[in-house]
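Inspection log for the structure reproduced underneath, given as structure tokens.
Derivation of every value follows stated rules applied to the coordinates shown; laboratory data play no part. All figures in this text were calculated on a predicted structure; none of them were measured in a lab. Note that we place each Cβ from the backbone using ideal geometry, even for glycine, and neighbour counts take in every protein chain shown.
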Amino acid sequence: MINKIGYLFFWLVSLLPLSLLNIFSKLLAFFTSYRKNISKSNIKIVFPNKSKNEINSIYYNFKFYLINLIFEIIKMFSSSLKFYEKRVKISNIELINNYFNQNKSVIIMGGHYNNWEWAGPILSQIGNHHFVSVYKKLSNNFFNNFMIKLRSRFDIDAVEMNDLIKYLISNKSCKMIALISDQNPIVEENAKWLSFFGHEVPVIDGPEKIAKKFNFPVLFCDIQKVKNGFYNIKFEVIEENPRDCKEGDITKRFFKRLEYQIKQDPNNYLWSHNRWKHKK
């Protein structure tokens, strides 16, 4: 019963126009505070030379971005494919098509930057392939099922990351495998560490291991906001032949590219994740 009420609420919210949801986002960003200390601490780590006013500005813009992102994700509950075709464009689709024309699967890596969820409906329509959205199971069953439901609307295969290898072995068709790979892993004794904005952090190296196992080319997915509710996607090659790389190279290149993306526009990154909490 509670789940049905929750779905009904989100469906009703999804029917509201984006212009109204943007207004709500600005109001909520002004009157609310979310993980303020962690967010500002993270911003200071990345931008140690920015003034207090600049830090506060990035934090406020981050709050607007996050609230607006949540509304845009909810919007997926009722939006059609035509809605996304109008609002999400790919600037170099020929790069992806080149791999698919060779019947090659690819791995695309990205961070929690701009609206990564809106990329799915568009990327799932490119060529003759399966679009695979890899996710980590959420502790809240309602929200976990809600996100799977949203991701599965547009011919997207939502695969839990612990099941990915089994999925790839049993599904030989051409695939685009999307992995958001910038957050903290479970830190174990053999954890991999890399420099991220000048500080050593543990990193998820699963995407690199999968790329090497299957020799799938690895691309960086750069999602940029054009204006509210409109995005542009550009792909960049990280590695064509992962088996030829030294261990750790692909992950290192990914984080370097992510650093550049965040420096270009820090307002649309998920600053609330406690990324620098672990010490080597």
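Would you work out the charge dipole size for the range 81-268 about its Cα centre, treating the Cβ of every Lys and Arg as +1 and the Cβ of every Asp and Glu as -1, and quote it to the nearest 20 debye? The partial results should precede the final answer.
Numbers: 27 positive and 22 negative charges, 119 e Å.
It comes to approximately 580 debye.
Here are a few candidate values for Kirkwood radius over Cα pairs in Å: (1) 19.8; (2) 20.6; (3) 22.4. Which one was actually calculated from the structure I just gave you?
(1)
Sorted by packing (mean other beta-carbon atoms within 10 Å per residue), highest first, where do 248-258, 15-25 land?
Working: 248-258: 19.0, 15-25: 14.2.
Ranked from most to least packed, the peptides come out as 248-258, 15-25.
Treating only the Cβ of Lys, Arg, Asp and Glu as charged (+1, +1, -1, -1), what charge dipole size does the range 99-174 show about its Cα centre? Round to the nearest 20 debye.
Numbers: 8 positive and 5 negative charges, 17 e Å.
The calculation lands at about 80 debye.
Please report the antiparallel percentage of the DSSP beta bridges confined to the chain, to the nearest 5.
On the way: 15 of 35 bridges.
Restricted to the chain, the bridges split so that about 45 percent are antiparallel.
What does the highest-first list of 140-152, 187-199 look like by mean Cβ count within 10 Å?
Working: 140-152: 15.2, 187-199: 12.6.
My ranking of the peptides, most packed first, is 140-152, 187-199.
For the range 4-75, with only Lys/Arg (+1) and Asp/Glu (-1) charged at the beta-carbon, what is the dipole magnitude about the Cα centre, in debye rounded to 20?
260 debye
Checking the cross-link filter: which lysines have an alpha carbon closer than 16 Å to that of Lys104, excluding same-chain neighbours under 8 positions apart?
List returned: Lys172, Lys175, Lys212, Lys213.
Give me the distance in nm between label points sitting 7 Å out from Cα along the Cα-to-Cβ direction at Asn97 and Glu188, one decimal.
4.3 nm
Rank-order 69-78, 271-280 by packing density, defined as the average count of other C-beta atoms within 10 Å over each peptide's residues, highest first. Spell out each step's value before the answer.
Numbers: 69-78: 19.2, 271-280: 15.9.
Final packing ranking: 69-78, 271-280.
If the cut-off is a Cα-Cα distance under 23 Å, which lysines reach Lys86, setting aside same-chain residues fewer than 8 apart in sequence?
Lys75, Lys149, Lys225, Lys227, Lys234
Normalised by the residues of the chain, what does the relative contact order come to in percent, with Cα pairs under 8 Å and at least six apart?
On the way: 402 pairs, mean separation 67.9, N = 280.
Value for the chain: 24 percent.
Which Cα, out of Ile148, Gln102, Tyr84, lies furthest along the positive dipole direction of the range 81-268 (beta carbon charges, K/R +1, D/E -1)?
Working it through, the farthest residue towards the positive pole turns out to be Tyr84.
Among the aspartates and glutamates, which fall within straight-line cross-link reach of Lys256, defined as a Cα-Cα distance under 20 Å, with same-chain neighbours fewer than 8 residues apart omitted?
The qualifying aspartates and glutamates are Asp182, Glu200, Asp205, Glu208, Asp222, Glu236, Glu239, Glu240, Asp244, Glu247, Asp265.
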